Amino acid sequence: MSALRAKVPVLVYDRSATQITKGLALVDKLLAKDVTKGKITNEEAKEARDRITVVKDDVGVKGLRDVDLVIEACSSPSD
């Protein structure tokens, strides 16, 4: 939502490359769905997707040092 509606850059970090891949695939799916429904254009979807940057694993959470807001999400109670 931040990348699409608020048009702000979004940084994504996870210790698991698999989770990042799954998350980005979901973003792509949801954007494509909105394009298909006519809610957004292909260009808007591409612009939103381009605002999402994956923080490299070697940088880690230090890559989030200068951001204004961090949202932490857990996929299960054990995380």
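The values are calculated or read from the model by the stated rules, or taken from the named source; none is laboratory data. Since the model is a prediction, treat every value here as computed from it, not as a measurement. Glycine also receives a Cβ, built like all others from the backbone with ideal geometry; neighbour counts cover every protein chain displayed.
Just a few scattered comments:
- The range 7-34 residues that are on the phi < 0 side of the Ramachandran plot, paired with ones that are of a type in the set (D, E, K, R) and outside any helix (DSSP H, G or I) (beta carbon under 6 Å, 6 or more apart): 9/51; 10/51; 20/14
- Condition met for residue 22 (at pLDDT 90 or above, surrounded by 10 or more Cβ atoms within 10 Å (Cβ to Cβ), assigned to a loop (DSSP other than H, G, I, E, B) and among the charged types (D, E, K, R)): no
- Evaluating residue 61 against the criteria (1) touching a residue at least 12 places away in the same chain (Cβ under 8 Å); (2) β-branched (Val, Ile, Thr); (3) not in a helix (DSSP H, G or I) leaves one unmet condition, (3).
- From the list 44, 72, the one residue that fits, being acidic (Asp, Glu) and in contact (Cβ under 8 Å) with a residue 24 or more places away in the chain, is 44.
- Top-ranked residue of the range 26-58 - restricted to ones that are over 25 Å from residue 68 (Cα atoms) and small (Gly, Ala, Ser), ranked as surrounded by the fewest Cβ atoms within 10 Å (Cβ to Cβ): 38
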